[in-house]
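Below is one structure, written out as structure tokens; comments come after it.
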Amino acid sequence: MALLAVLVPAAVGLTLLTLGANVERFANRLSGPSLPAVSARASDVHRSSLVVDLHADSLLWGRDLSRRASVGHVDLPRLREGNAALQVFTTVTRFPVTASIERTDPRSPDAITLLALANGWPWRSVGSLTERVLYQAGRLRDLAAKDGHLIVVESRNDLDHLLAQRAADRRWLGALLGIEGAHALDRDSALDEVFAAGVRLIGLAHFSTTTTRAPRTAPRRAV
């Protein structure tokens with residue numbers, strides 16, 4: 001068992017490093033039977049609804065989300081075809097290679113570190129989870145600037161603006177930025193930094209322990 005605990009993470013790491021930018025084609029393949037036909041009534045209900053998807057890890061991969069792809073589940077062309085109005089893009093910063101619903105060993109090697117190295121993320125992101133959030137937030141900003149019809153929603157005013165734009169043109173999409181796991185806040189200034197970068201949603205825990213760190217300076221005593 002001890003040997004297996006070493007070989008499995010090593011095999012995962014070697015696979016990631018070998019696949020590099022093509023790792024998503026291995027991790028997020030589309031498979032299975034074709035989807036069933038959608039009835040006309042269901043289609044009408046969907047098309048007349050405000051469709052919001054609350055989770056996608058698509059910023060994690062190196063794929064250009066402005067182009068339609070045959071892997072994964074999300075890109076802007078498919079969101080528009082699916083009448084999506086708002087997509088929550090969650091940023092993933094740590095994922096132990098032995099992660100499972102039943103039990104996750106926090107000592108397991110981190111797959112996101114390997115992915116960052118394989119895909120040429122900024123070096124500062126290799127050792128900092130907060131920097132990984134900021135890098136993925138920057139990818140979303142770049143995507144919005146490139147697309148021209150994507151709004152990064154940071155306020156109620158942004159949401160109202162999105163809905164007004166969509167009333168006239170269904171090409172407009174909204175993106176809400178989130179974090180999977182508050183363990184990503186790895187320094188005292190992290191919350192302010194990620195908020196400034198557009199993060200408006202944090203899932204408190206995700207396959208890792210969320211710890212409370214002691215402040216860098218001792219609190220003042222009352223006199």
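The values are calculated or read from the model by the stated rules, or taken from the named source; none is laboratory data. Quick caveat, the model's predicted, so the values are computed rather than measured. So basically every Cβ, Gly included, is an ideal-geometry build from the backbone, and we count neighbours across all protein chains shown. Ligands, DNA and RNA are stripped out before the accessible areas are found, and what is left, the full protein with its side chains, is counted by its heavy atoms. Shrake-Rupley method; radii C 1.70, N 1.55, O 1.52, S 1.80 Å.
Quick notes on this one:
- Restriction of the trypsin sites (Lys or Arg not before Pro) in the stretch 21-105 to DSSP coil positions whose beta-carbon has at most 13 other beta-carbons within 10 angstrom yields 29, 67, 68, 103.
- Inverting the pair-averaged 1/r between distinct Cα atoms of the stretch 74-203 gives 16.0 Å as its Kirkwood hydrodynamic radius.
- HN-Hα J in Hz across the stretch 37-51 - Karplus 6.51, -1.76, 1.60, θ = phi - 60°, x for Gly and Pro: 5, 9, 5, 4, 5, 5, 5, 5, 4, 5, 5, 8, 9, 8, 9
- Across every direction, the projection of the convex hull enclosing the Cα atoms of the stretch 136-204 has a mean area of 4.9 nm².
- For the stretch 85-91, backbone phi angles converted through the Karplus equation (6.51, -1.76, 1.60; θ = phi - 60°) give residue-by-residue couplings of 9, 9, 10, 7, 9, 8, 9 Hz, Gly and Pro being listed as x.
- Lys/Arg +1, Asp/Glu -1 at C-beta; the stretch 34-173 dipole; positive extreme among 37, 52, 153: 37
- To the nearest 10, the accessible area of residue 199 is 10 Å² with a 1.4 Å probe.
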